[in-house]
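Enquirer: Supplied in structure tokens, the structure appears directly below.
Readers should treat all values here as calculations from the given coordinates under stated rules, not as data from a laboratory. Just so you know, these numbers come straight off a predicted model, no measurement behind them. Cβ placement follows ideal geometry from the backbone for every residue including glycine, while neighbour counts extend to all protein chains displayed.
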Amino acid sequence: MMEQRLINVGFGNSVVAARIIAVVNPKSAPMKKLRDDAKNSHKLIDVSEGRRTRAIVITDSGHVVLSSVQPETLVQRFQPMSGAVMGEKTEKKP
């Protein structure tokens, strides 16, 4: 069985890393249209918990995930880490 790596997109929510196509800044007009289109087609997932949307994660299934985490931070979380969920803090052992 293939192990699926997860990326923490904020507030304990995760997305399967292999399904992510892009992490983009939400401020441009095309990204606002993408958000509206995803909402109308019931493919919008908002995990920002009421905070300002700082990144939009686009998946291969057409789902659009709104995150309050900076795009640069999400991209850094793609780097290999030891831990069940990438991006979560792990305790260092002495």
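Enquirer: Tell me, what ³J(HN,Hα) does each residue in segment 4-14 have, in order and in whole Hz, if you take phi through Karplus 6.51 cos²θ - 1.76 cosθ + 1.60 with θ = phi - 60° and put x for Gly and Pro?
Expert: 9, 8, 10, 10, 6, 9, x, 6, x, 9, 9
Enquirer: Sum up the charges of everything whose Cβ sits under 14 Å from the Cβ of residue 35, counting Lys and Arg as +1 and Asp and Glu as -1, but leave residue 35 out.
Expert: On the way: positive: 27, 32, 33, 39, 43, 52, 54; negative: 36, 37, 46.
Charge balance in the 14 Å sphere: +4.
Enquirer: How would you rank 43, 27, going from fewest to most other Cβ atoms within 10 Å of each one's own Cβ? Please list the in-between numbers first.
Expert: Values: 43 14, 27 10.
Neighbour counts put them in this order, fewest first: 27, 43.
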